[in-house]
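S.K.: The structure that follows is given in the form of structure tokens.
Every read-out reported here was derived from the displayed coordinates using simple, explicitly stated rules and does not represent laboratory data. This structure is a prediction, so every number in the text was calculated from the model and none was measured. Virtual Cβ from ideal backbone geometry, glycine too; neighbours counted across all protein chains shown.
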Amino acid sequence: LKKLAAALWQENNSYYGAAVMVGAGFSRVAASTGDVKSKLPLWNELSEVLAKDIGSSNQTDPLRQAEEYRAYFGQQALLDLLKKAVSDTAWSPGALHKYLLELPWSEVLTTNWDTLLERASVDVHQPVYSVVNRQEDLASARAPRIVKLHGTIGVTDELIFTQEDFRKYPQRHAAFVNFVRQVFIENELCLLGFSGDDPNFLQWAGLVRDHLATHARRIYLVGALNLT
């Protein structure tokens, strides 16, 4: 914790800074809505919806199910299902969003499709964040940035969710891939509400470790993990 704090607040020249990767688990506990029983879905819950619609009993691989769903019903039907499941406009950022964004992160990365982080950033006056919804936005957005790596509901035409989306990601989103690798190389990284099972994340982190070996920056996993 002391090392992460030193990196976050850049207390000495041996640290570039600290970045955070925000996952669906953070939105689930931080967002608020009028219905106290309602919660934003995690991948396993989306998997249950997909399995029911395509008549599959296998709920162990959401990416495969999303690919099958798109094959059955088409791309627009999949996007409509995700928009309905996430229901972005029904949710408001909570106090945790503000607390998180008031910390001096060098970059805020997220694979979430909702707009909670960017809406919360409007009420945070220091630091001032730029929002990156598409990889071409990287050229004009100044750090610190809120970078939407998997798309944004209602903003981008594509949401990264299926097996094929992940397979094509390095070619179709090469600027994002290079950017994230650089963030991983330069910063201590904190995963918040993010399982670390995301295929893109595993590839990015693995490549950095392959090249830097023991010199790679640490990755801190924060969550309700139920570890032994």
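S.K.: Under a plain spin-label model, where a point goes 7 Å from the Cα along Cα-to-Cβ, how far apart in nm are His125 and Ala5?
M.R.: Going by the 7 Å Cα→Cβ label model, 2.7 nm.
S.K.: Let me ask something additional. Could you work out the percent of alpha carbon pairs in the stretch 111-151 separated by over 15 Å, rounded to a whole number? Don't skip to the end; give the middle numbers.
M.R.: Working: 297 of 820 pairs.
Here the tail beyond 15 Å accounts for 36 percent of pairs.
S.K.: Binning at 5 Å from 0, report for the stretch 139-228 what percent of all alpha-carbon pair distances ends up in each bin.
M.R.: 2, 11, 20, 24, 21, 15, 5, 1, 0
S.K.: For Lys39 paired with Tyr220, estimate the spin-label separation in nm (one decimal), with each label point 7 Å from Cα along the Cα-to-Cβ line.
M.R.: The modelled label-to-label distance comes out at 2.5 nm.
S.K.: If you split all Cα-Cα distances of the chain into 10 Å bins from zero, what percentages do you get per bin, shortest first?
M.R.: 7, 31, 38, 19, 4, 0
S.K.: Give, to the nearest whole percent, the P(r) tail of the stretch 1-101 beyond 25 angstrom, counting all Cα pairs. Don't jump to the answer; show the numbers that get you there.
M.R.: Values: 2137 of 5050 pairs.
Here the tail beyond 25 Å accounts for 42 percent of pairs.
S.K.: For the chain, what relative contact order do you get, as a whole percent, if you take Cα pairs closer than 8 Å and at least 6 residues apart?
M.R.: Working: 344 pairs, mean separation 55.0, N = 228.
It rounds to 24 percent for the chain.
S.K.: Using alpha-carbon positions, what is the distance between the centroids of the stretch 131-200 and the stretch 1-41, in Å?
M.R.: Comparing the Cα centres of the stretch 131-200 and the stretch 1-41, I get a distance of 16 Å.
S.K.: Taking θ as phi - 60°, what are the ³J(HN,Hα) couplings along the stretch 96-111 by the Karplus curve (6.51, -1.76, 1.60), each to the nearest whole Hz, with x for Gly and Pro?
M.R.: Computed from phi, the couplings for the stretch 96-111 are 5, 4, 5, 4, 4, 6, 6, 6, x, 5, 6, 8, 10, 9, 8, 9 Hz.
S.K.: Mind jotting down the three principal axis lengths of the stretch 5-48 based on Cα atoms? Whole angstrom, largest first.
M.R.: 47, 25, 9
S.K.: Normalising by the residue count of the stretch 52-167, find the relative contact order in percent from Cα pairs under 8 Å and 6+ residues apart. Mind dumping the intermediate values first?
M.R.: On the way: 145 pairs, mean separation 31.3, N = 116.
It rounds to 27 percent for the stretch 52-167.
S.K.: Could you rank the peptides 26-37, 140-151 by their average count of other C-beta atoms within 10 Å per residue, with the highest value first? List each step's numbers first, then the result.
M.R.: Values: 26-37: 15.2, 140-151: 19.0.
So the order, starting with the most tightly packed, is 140-151, 26-37.
S.K.: Which parts of the stretch 29-73 would a label at Ser92 reach, counting a residue when its backbone N lies under 19 Å from a point 7 Å out along Cα-to-Cβ?
M.R.: 29-40
S.K.: Here's another thing I want to ask about it. Cross-chain or 8 or more residues apart, Cα under 19 Å: how many lysine pairs in the chain fit that? Count them up, please. Working shown, then result.
M.R.: Numbers: Lys37/Lys84; Lys39/Lys83; Lys39/Lys84; Lys52/Lys83; Lys52/Lys84; Lys83/Lys148; Lys98/Lys148; Lys148/Lys168.
Pairs that pass both the separation and distance tests number 8.
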